[in-house]
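Here is the structure we will look at, set down as structure tokens.
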Amino acid sequence: MSEQTNHFKVAIIGSGPAGLTAAIYTARANLNPVVFEGLQPGGQLTITTEVENFPGFEHGIQGPELMDIMRKQAHRFGAQSIYKDITEVDFSKRPFKLKSYDEEYYADAVIISTGASARLLGLESEAKYMGYGVSACATCDGFFFKGLKVIVVGGGDTAMEEANFLTKFASEVIIVHRRDEFRASKIMLDRAKKNPKIKFVTNKVIKEVLGVEEGGKKRMTGVLLEDTKDHSVTQLDADGLFIAIGHKPNTELFKNYLEMDETGYLIVKPGSTYTNVEGVFAAGDVADKKYRQAITAAGTGCMAALDAERWLEAQE
Ligand code: FAD
């Protein structure tokens, strides 16, 4: 392909709710956007099952189906998807340059919506039961665990916050942590310790997620814990497992150009999606460590599209 055909008015990096919403808006504004879908087309919601809090779906919707609909909606207005990862960018001059493993692309404006990946344990059994008892988001899935027993793994503020939140639904919350000291702030830890529904299991790591398959349906039933000192293995039965060991914003690629906070989240000008490079906008979890929801990602995706459209107009 020539440079000519690889030159887009708007390039969107990432195809989660933020990227695909930005694609719907920029496509409807006749900006013929391209969406680089990356290694996880459809983003994080493709690894979950029921989504009950995205407005417009009275009875909920499966995550992968929701993302499929969003993509089709964007394509209907002329957005195109390229199923590649962007491996390098050059934001030092315009048009901006984006590179995949085999090609170079140019864009007048770029919307970054590469998300923030939940850090996971990396177990095969964790992946098997993801969405079937295993979750990386208490706000999203806590509701499904009314009256049930759940485990939260982690020792930082997020783990304490998620554990406290889950006590609104669960009958019992067990925090499993690999050490007996916690990274969490004193105030968050004290709050969790005072909560009668929360128990702590320390010096243990999760070795395996256990589960059953009944009538074609699978669900997790517990975990195997390994003691970090004597390596003994015990079983802990539970209906849910929330992984709360942090998130990693996918921003490595932009570190030479864009301002980030100390944990790598992109910094946008307050009330907008403008980054420090004119013509480069950021939307969704990549610039949001606070809310991290599909609807907030979609909302800022819309904002980024409108910001990009107005910015491009002002360049003409
Ligand atoms: P993401 O969805 O993370 O998408 C990022 C995209 O960027 C992906 O398409 C990826 O392929 C792409 N990408 C990354 N790097 C590159 C690159 N270099 N080049 C090209 N593409 C790249 N939220 C809710 O509101 N309700 C729920 O019920 C809910 N359930 C959840 C369940 C689970 C298990 C998880 C993990 C999250 C859940 N969330 C839920 C949170 C929600 O999924 C996120 O807040 C939302 O997906 C963030 O959207 P995003 O568009 O910012 O990024």
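Among the residues of region 250-269, are any in a helix (DSSP H, G or I), of a type in the set (A, V, I, L, M), within 14 Å of the ligand (Cβ to nearest atom) and open to solvent by 30 Å² or more (accessible area, probe 1.4 Å)? Yes, region 250-269 has at least one match.
Remark: pairs (first residue in region 145-174, under 20 Å from residue 220 (Cβ atoms); second residue assigned to a loop (DSSP other than H, G, I, E, B) and β-branched (Val, Ile, Thr); Cβ separation under 9 Å; 6+ apart in sequence or on different chains) = 153/245; 154/245; 159/245; 173/167. Residue 144 fulfils the conditions (1) closer than 30 Å to residue 22 by Cβ; (2) in contact with a Leu (Cβ under 6 Å, 6 or more places away or on another chain) except for a single criterion, (2).
State yes or no: is residue 3 of a type in the set (Asp, Glu), under 29 Å from residue 310 (Cβ atoms), at pLDDT below 95 and more than 8 Å from the ligand (Cβ to nearest atom)? Before the answer, list the steps.
Working: of a type in the set (Asp, Glu): yes; under 29 Å from residue 310 (Cβ atoms): yes; at pLDDT below 95: yes; more than 8 Å from the ligand (Cβ to nearest atom): yes.
The answer is yes for residue 3.
From the list 147, 115, 133, the one residue that fits, being open to solvent by 50 Å² or more (accessible area, probe 1.4 Å), on the phi > 0 side of the Ramachandran plot and not hydroxyl-bearing (Ser, Thr, Tyr), is 147.
Report, by residue number, each residue of region 118-128 that is at negative phi and open to solvent by 10 Å² or more (accessible area, probe 1.4 Å). Selection gives 118, 119, 120, 121, 123, 124, 125, 127, 128. Return the residues of region 289-304 that are touching a residue at least 24 places away in the same chain (Cβ under 8 Å), more than 7 Å from the ligand (Cβ to nearest atom) and farther than 17 Å from residue 74 by Cα; say none if nothing qualifies. 289 - this is the single residue of region 289-304 that is touching a residue at least 24 places away in the same chain (Cβ under 8 Å), more than 7 Å from the ligand (Cβ to nearest atom) and farther than 17 Å from residue 74 by Cα.
Yes/no matrix, rows are residues, columns are (1) more than 9 Å from the ligand (Cβ to nearest atom); (2) of a type in the set (S, T, N, Q); (3) at pLDDT below 95; (4) within 13 Å of the chain's Cα centre (by Cα):
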{"position": "113", "(1), (2), (3), (4)": "no, yes, no, yes"}
{"position": "116", "(1), (2), (3), (4)": "no, no, yes, yes"}
{"position": "120", "(1), (2), (3), (4)": "no, no, yes, yes"}
{"position": "123", "(1), (2), (3), (4)": "yes, no, no, no"}
{"position": "139", "(1), (2), (3), (4)": "no, yes, yes, yes"}
{"position": "149", "(1), (2), (3), (4)": "yes, no, no, no"}
{"position": "152", "(1), (2), (3), (4)": "yes, no, no, no"}
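For region 13-33, the tally of residues that are in contact with a Pro (Cβ under 7 Å, 6 or more places away or on another chain) and more than 14 Å from the ligand (Cβ to nearest atom) stands at 2. Listed by first and then second residue, the pairs linking a residue in region 236-256 that is among the acidic types (Asp, Glu) to a residue that is away from the ligand (no atom under 12 Å from the Cβ) and open to solvent by 10 Å² or more (accessible area, probe 1.4 Å), with Cβ atoms under 8 Å apart and 6 or more places separating them unless they lie on different chains, are 237/149; 237/221; 239/145; 239/148; 239/149; 239/219; 239/221; 252/264.
Of all residues in region 100-111, which are open to solvent by 60 Å² or more (accessible area, probe 1.4 Å) and within 11 Å of the ligand (Cβ to nearest atom)? If you could, list the steps in order and put the result at the bottom.
Here is the first cut: in region 100-111, the ones open to solvent by 60 Å² or more (accessible area, probe 1.4 Å) are 101-102, 104.
Matches in region 100-111: 101 only.
Suppose we keep only residues that are in contact (Cβ under 8 Å) with a residue 60 or more places away in the chain and surrounded by 14 or more Cβ atoms within 10 Å (Cβ to Cβ) within region 80-89. Which one would you say is farthest from residue 252 (Cα to Cα)? Steps first, answer last, please.
Of region 80-89, the ones in contact (Cβ under 8 Å) with a residue 60 or more places away in the chain are 81, 86-89.
If we keep only those that are surrounded by 14 or more Cβ atoms within 10 Å (Cβ to Cβ) as well, we get 81, 86, 89.
Values: 81: 22, 86: 11, 89: 11 Å.
Filtering first and then ranking leaves 81.
Apart from one condition, residue 198 fits all of (1) farther than 18 Å from residue 245 by Cα; (2) modelled with pLDDT of 95 or more; the exception is (1).
Only one entry in 178, 191, 183 is in contact with a strand residue (DSSP E or B) (Cβ under 7 Å, 6 or more places away or on another chain) and open to solvent by 40 Å² or more (accessible area, probe 1.4 Å), namely 178. Return the residues of region 23-55 that are part of a helix (DSSP H, G or I) and closer than 15 Å to residue 73 by Cα; say none if nothing qualifies. Within region 23-55, 23, 24, 25, 26, 27, 28 qualify. For region 41-68, filtering for residues that are over 13 Å from residue 130 (Cβ atoms), touching a residue at least 40 places away in the same chain (Cβ under 8 Å) and within 7 Å of the ligand (Cβ to nearest atom) leaves 6.
Go through (1) open to solvent by less than 50 Å² (accessible area, probe 1.4 Å); (2) out of contact with any strand residue (DSSP E or B) (no Cβ under 7 Å at 6 or more places or on another chain) and name the single condition residue 287 misses. Condition not satisfied by residue 287: (2).
Pick from region 209-235 the residues that are assigned to a loop (DSSP other than H, G, I, E, B) and closer than 21 Å to residue 49 by Cα: which of them is farthest from the chain's Cα centre (by Cα)? Show your work before the answer.
Within region 209-235, the first condition is being assigned to a loop (DSSP other than H, G, I, E, B), and the residues that meet it are 215-216, 228-232.
Filter again for closer than 21 Å to residue 49 by Cα, leaving 215-216.
Numbers: 215: 31, 216: 28 Å.
My answer is 215.
The values are calculated or read from the model by the stated rules, or taken from the named source; none is laboratory data. These figures come from a predicted structure and were not determined experimentally. Reconstructed Cβ throughout: ideal geometry from the backbone, glycine too, with neighbour counts over all protein chains shown. When the accessible area is computed, the model is the full protein with side chains, heavy atoms only, and any ligands, DNA or RNA have been set aside. Shrake-Rupley method; radii C 1.70, N 1.55, O 1.52, S 1.80 Å.
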